[in-house]
Amino acid sequence: MGKVARFILRRKGGQGWHWTDIVTWFWLVGGLIIMFGPAIWLVFSSLKTPAALAEFPPSILPYVTQQVTVEGHDKPLMLYNAKMPDGSTRVLAEVRRIGLVAQMVDPKAPAEIVRVNINDRTPVRTMSFATENYTQPFVHFDFLRYLWNSVFVTVVATLITLVVNSMAAFALSKYEFKGRSIAMLVILATLMVPLSVIMVPLYSIISTLGLFNSLWGVILPTVATPTGVFILRQYMLTIPDELIDAARMDKASEWQIYWRIVLPLTAPALAVLAIFSVVWRWNDFLWPLIVLSRRELYTLQVGLSIYSGELNVQWHFILAMTVVTMIPVVLVFIFLQRFITTGIAGTGLK
Amino acid sequence: MTTPSLSAILMAPVNAVMRMIDVPLRRLQKATGIGGMAAFFLAPNMLIFGVFVLLPLVINFVYSMTGGTAFFLSERDFIGGQQYSRLFQCQNYLDPMSCQEDAFWTAVGNTFWFVLLQVSLMILTALITALILNRELAARSFWRAVFFFPVLLSPVVVGLIWKWILQRQGLLNFGLYQFGLDPYTWLTDRNWTFAATIGVSLWAHMGFYALIILAGLQAIPKDLYEAAEMDGTKPARVFWRITLPLLAPNLLVVVVLALIKSVQVFDEIYVLTGGGPGTSTLFLTQYIYETGFASALRNPGLAAAASILMGGVLVVLTLIQLGIGKRGENKGKR
Amino acid sequence: MGEIKLTDVKKSFGAVTVLKDINLHIEDGEFVVFVGPSGCGKSTLLRTIAGLEKITGGEIAIDGKRVNDVTAADRGLAMVFQSYALYPHMSVRQNLAFGLENSNMPKAEITERINEAARMLEIEAYMDRRPGQLSGGQRQRVAIGRAIVRRPTAFLLDEPLSNLDAELRVSTRAELAALHVRLGSTMIYVTHDQVEAMTLAHRIVVMRAGTIEQVGTPLELYNKPANRFVAGFIGAPHMNFLKADVVAVSAGVVTLAFAGGYRGELQIGQAKLHVGEKVTVGVRPQHLIVSDDPQHPTVKIYLVEALGSETVVHGDLGGEKVLAVLPGQQRLNAGDTVRFDLSKPVLHVFDDNGLRLFTHPGQEG
Ligand SMILES: Nc1ncnc2c1ncn2[C@@H]1O[C@H](COP(=O)(O)OP(=O)(O)OP(=O)(O)O)[C@@H](O)[C@H]1O
Ligand SMILES: [Mg+2]
């Protein structure tokens, strides 16, 4: 233990604490709490019953007050630890509360009513996970549908992105032709055109093509990413041209060269682009919000935001579905974080 | 000979499809030659770019000069620059409420303050984070991951997480309660909500910029620091005289990148506040979205005009960024 | 069958002309080597024959058929690249099979051809490895194997040995020669290394700046270089060139005055010379011999390289550098002055433009 502490608290030069060391640790620990805290709070909250969610002050972990059904009472009653005047504690069920006094009964002897000052009783609480927060939205609401839509959009868009962008990158890295620099310029220019600038006309084009209220309307405008073309082209430039000449001598068609030679060799870059694309498409919000207006077509992001914007928000469901929405990205983060961080550091693009 | 691997079995149908595609493509190659195949490979991308980026870009100008609520261009009337003059019609240019499109000017004002505050705080915190992550830390990649974590979260998730924390029974009020302070409904207070939008977008994106700055820091040759250490230079002086000047080009790119993203702020804020309370967190993209699609009195022409104005700002920023990038590249070459 | 005929072949990249009017006739079964300084267009010429570069003028014919518009895949040639260009993601076996699969050959025949080539090249042991797991020499064999299985009408080899270490290069060179004898197909081979050229070639094509300077058998080029460039290029170390003035011409004999005052009489043959003309005389370092005759020119030695079997002497003859390769071990030191006999060796005389005028036969011994 001491060793670990020494390792973690290791300082530059091994001398005394410099003020920068203090700032560093303050920043790191503060960062840890601020960056992870909210997500962890979300996960804990998502496991609470609606009643527990409404409590203030809230408990950190999902506790519920235990209830019992007692003879002679229709509704289940809350269990409390009650302090008796003689100093002992008994587990009693509350029948009703009048002012500062609670009328309670022993579940085993329901006939006798015990009066307890409300400050002398504390609820009997046990940890309990409200898993129905997760199952209900799938069973009773459309969330299974939304999940499927999100998965469909993400997978299909990523596959098309990989194919279309790698084809373009292949053309731009391994062929000499007249319009090449113009094509590069066009692709570069599209970096400057974010969705928010072309929302209105793009919507009209999508409608004209009959893609309004279609998942394809969500997918197609996103698949030709300039970032993707650049990442792949940069990588393909490192594949020796002699390899392609060799394949040509080997009677390979250009399509075969692309498919059998260039694509397999571009696998690392394709993996990076695939990860990026999955995260992008999974997280897309504004464009699906515009294109999809029928409930059964919503993606998770759209569904969530619509439900959370309703008048009486069912937070227990929303929180659980937020966690579900977060899961793939967290998995990507845990397993592929290194790919992404090096990818971003290398290209400066998100 | 060899037992086929799992991937070979999985790829078999794909390969079969590719072989089938190859038959007509070989014929195409015969007809067009190798140069023609280059066009073939480029075509899908160019088609998608053309239809979904370039065409909209052109149509956008046409839209901005038409009126009415219909969405199809053929059903819209040409009205020239009226949408623009509507956007710019104000009695007093210092007071957004005196303008005909007061929502637009409110959004412009909000966006302006948001960009100003968010970008400066973003660069400051990202720089501090990067400097700290660049120190000799134990488990550095873990700490890097800590700050990077929110970057991948979807805007909707970010918005909902913070909406949940800032609501009346939320974590923030719980914290205040622990210190004996009264809970507060943060998201009904105009100023606090605005502050929250900045805080939340900092939380969500700071790690991204920190990562880029960190890459810049790590590109600074170590021997410079060693030389400074040999000379007994004070750390503060090392920062001002070595780190900052050498980081400047990288930092400049980060600033412009942050500006470009910040001007377009929408998703997480929309989920968090919906632009409210009132119009206190109504930003430009939301204005365009609501004017074009969501409001009862939708006006695509006006939305297009507003988006073109915003696009102009973004183009200027992007050109600055490219200019800086070019200069940095040339410097590297020399 | 593998007769290749180039007629006025031209190639330019944009404004840069890389090949100028190349005319060359390669017979079936011939081993032809292209040599020339770096950047002279050897690879480009090979690639135009392969069909990897489109020519901008002239005609290429294989076995009498014009192939200008035939793609690389359909010319029936195979190429071995300097970097080997093996597909890194495929095993050796897959590398060999790729080209055959592309021509829809039946599986059984593919296997048979691969096994045969593997036996021939002794690469059976690592057929299932990837190129990255092979040594340079093994990769080189695989690259040749990939060409062999195709049974091409001609092999095109672009500096195939240049990435091997010196020892391996010598042994592989011999194997290549044996392979050529065995296969009997046309081979066109590009190299920098004139020893390779001399040992492998039936005919050598010497190129410079996009033109062919001379085509001939190795010994023709060595004995009768068409010009100063070829003379300097073929043979190692390079031929010495000495400036001289024609001072007298009589029937069949010319008298030349060399720098440093030495005068020599050369047999002129049919060539025409006139007094006052400036010429360059080439003499191979191996042909120089030390002499005591005070008539012979003196050479000041500034470096002696004793290699054991021979001694390389660097000297200065009347202001011009000369190199002599003397047999055995010589008692010479830097700073010494010796005389070289210029009357006995074969001398090549070139005119002002570098063209060979005649060769003085010299005397044996
Ligand atoms: N694709 C190209 N575009 C423009 N110029 C080229 C191209 N390929 C070759 N060249 C030029 O053509 C000339 C001949 O090149 P080539 O590769 O044929 O030379 P080489 O004789 O093979 O040289 P080396 O012995 O160094 O391999 C060079 O000057 C080269 O710069
Ligand atoms: Mg070459």
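The values are calculated or read from the model by the stated rules, or taken from the named source; none is laboratory data. Keep in mind it's a predicted model, so treat the numbers as computed, not measured. Cβ: placed from backbone, ideal geometry, glycine included. Neighbour counts: every protein chain shown. Side chains included, ligands, DNA and RNA excluded: accessible areas come from the protein's heavy atoms. Shrake-Rupley method; radii C 1.70, N 1.55, O 1.52, S 1.80 Å.
Give me the Å³ per residue figure for the convex hull around the C-alpha atoms of segment C:146-258.
Details: hull volume 17.1 nm³, N = 113.
Looking at segment C:146-258, the number lands at 151 Å³ per residue.
Mind pulling the per residue volume of the convex hull built on the Cα atoms of segment B:77-333? Å³ is fine. Mind dumping the intermediate values first?
Working: hull volume 46.8 nm³, N = 257.
About 182 Å³ per residue, rounded to a whole number.
Subtracting the Cα-Cα distance from 0.36 nm times the residue separation, let me have the gained length for A:LYS108 to A:THR135 in nm, one decimal.
Numbers: separation 27, 0.36 × 27 = 9.72 nm, distance 3.47 nm.
Length gained between A:LYS108 and A:THR135: 6.2 nm.
Where does chain A land on Rg/Rh, using Cα atoms and the Kirkwood Rh?
Details: Rg = 29.9 Å, Rh = 25.9 Å.
That ratio equals 1.15.
Taking H placed 1.01 Å from N in the peptide plane, check which residues at least 5 places from C:LEU156 or on another chain put their amide H under 5 Å from its amide H.
C:ALA78, C:MET79, C:VAL80, C:ILE188
Using only alpha carbon pairs under 8 Å that are at least six residues apart, calculate the relative contact order of segment A:133-349 and give it in whole percent.
Details: 184 pairs, mean separation 77.0, N = 217.
Worked out over segment A:133-349, it gives 35 percent.
Could you give the DSSP H helices of chain A that reach 30 angstrom or more along their long axis (alpha carbon positions) and whose average Kyte-Doolittle hydropathy is no lower than 0.0? Working shown, then result.
Details: long enough: A:19-46 (40 Å, 1.47); A:143-174 (45 Å, 1.38); A:315-347 (40 Å, 1.68).
Helix filter hits for chain A: A:19-46, A:143-174, A:315-347.
Here is the link list: C:LYS65/C:LYS107; A:LYS48/A:LYS108; A:LYS48/B:LYS163. Which ones come out longer than 25 Å on Cα distance? Could you put the intermediate results ahead of the total?
Values: C:LYS65/C:LYS107 31 Å; A:LYS48/A:LYS108 29 Å; A:LYS48/B:LYS163 17 Å.
Pairs exceeding 25 Å: C:LYS65/C:LYS107; A:LYS48/A:LYS108.
In the protein assembly as shown, how does Rg compare with the Kirkwood Rh, expressed as the Rg/Rh ratio over alpha carbon atoms? The partial results should precede the final answer.
Values: Rg = 41.1 Å, Rh = 36.4 Å.
Rounded to two decimals, Rg over Rh is 1.13.
Quick one: pull the percent of accessible area on segment A:133-349 belonging to carbon and sulfur, 1.4 Å probe, ligands and nucleic acids left out. Numbers along the way, then the final one.
Values: 5190 of 7720 Å².
Of the solvent-accessible surface of segment A:133-349, carbon and sulfur hold 67 percent.
Under a point spin-label approximation (7 Å from Cα along Cα-to-Cβ), what is the B:MET97-A:ARG295 distance to one decimal in nm?
4.0 nm
How do B:ILE320, C:ILE234 rank by accessible surface area computed with a 1.4 Å probe, from largest to smallest? Walk me through the numbers on the way to the answer.
Values: B:ILE320 80, C:ILE234 0 Å².
Correct descending sequence by accessible area is B:ILE320, C:ILE234.
Using the C-alpha gyration tensor of segment C:240-360, what are the square roots of 5 times its eigenvalues, in whole angstrom, with the largest one first?
Working through the eigenvalues yields semi-axes of 27, 14, 12 Å.
How big is the gap, in Å, between the Cα center of segment A:95-125 and the Cα center of segment B:12-63?
Centre-to-centre (Cα) distance: 77 Å.
Leaving out ligands and nucleic acids, note down the accessible area per residue over segment C:113-179 with a 1.4 angstrom probe, in whole Å².
Averaged over the residues of segment C:113-179, the accessible area is 43 Å².
What's the average, rounded to a whole number, of partner chain beta-carbon atoms within 10 Å of each residue's beta-carbon in C:147-157? Walk me through the numbers before you get to the answer.
Working: counts 3, 0, 0, 3, 0, 1, 0, 0, 0, 1, 0.
For this peptide, the per-residue mean of nearby foreign Cβ atoms is 1.
Around C:SER291, which amide H atoms from residues at least 5 apart in sequence, or from another chain, sit under 5 Å from its own amide H, with H modelled in the peptide plane?
So C:SER291 has HN proximity to C:ARG339, C:PHE340, C:ASP341.
Between segment C:208-285 and segment A:178-235, what's the alpha-carbon centroid distance in Å?
After rounding, the separation between the Cα centres reads 69 Å.
Between A:VAL43 and A:VAL330, how many nm apart are label points set 7 Å from Cα along the C-beta direction?
0.4 nm
Let me see the P(r) profile for segment C:236-275: every Cα-Cα distance counted, bins of 10 Å, each bin given as a percent of all pairs.
Binned Cα distances yield the sequence 29, 47, 22, 2.
How much of the DSSP bridge set in chain C is antiparallel, in percent, rounded to the nearest 5? Write out the running numbers ahead of the final one.
Working: 64 of 81 bridges.
Bridges in chain C that DSSP calls antiparallel: roughly 80 percent.
Check which residues have an amide H placed less than 5 Å from C:GLN214's amide H, if you skip close sequence neighbours.
Hits under the 5 Å cutoff: C:VAL206.
For chain C, what is the calculated [θ] at 222 nm in deg cm²/dmol (nearest 500), taking -39500 (n - 2.57) for each run of four or more DSSP H residues and dividing by its residue count?
Numbers: 8 runs with 85 residues, N = 365.
Value at 222 nm, helices only: -7000 deg cm²/dmol.
With an 8 Å Cα cut-off and a minimum separation of 6 or more residues, compute the relative contact order for segment C:130-237 in percent.
Values: 92 pairs, mean separation 19.3, N = 108.
Taking the mean separation of contacting Cα pairs over the length of segment C:130-237, I get 18 percent.
Of all the accessible heavy-atom surface of segment B:105-192, with the other protein chains kept in place and a 1.4 Å probe, what percent is carbon and sulfur? Each step should come with its number before you reach the end.
Numbers: 2530 of 3830 Å².
So the carbon and sulfur contribution to the accessible surface is 66 percent.
For a 20 Å ceiling on Cα separation, which of these pairs sit above it: A:LYS178/C:LYS54; A:LYS174/A:LYS251; C:LYS11/C:LYS224; B:LYS30/C:LYS42; C:LYS224/C:LYS344?
C:LYS11/C:LYS224; B:LYS30/C:LYS42
Determine the principal axes of the Cα atoms in chain C, then give the extent along each, sorted from largest to smallest and rounded to whole angstroms.
77, 46, 36
Could you check what % of the DSSP bridge pairs in the protein assembly as shown are antiparallel, to the nearest 5? Let's see the in-between values first.
Values: 92 of 109 bridges.
Percent antiparallel among DSSP bridges in the protein assembly as shown is about 85.
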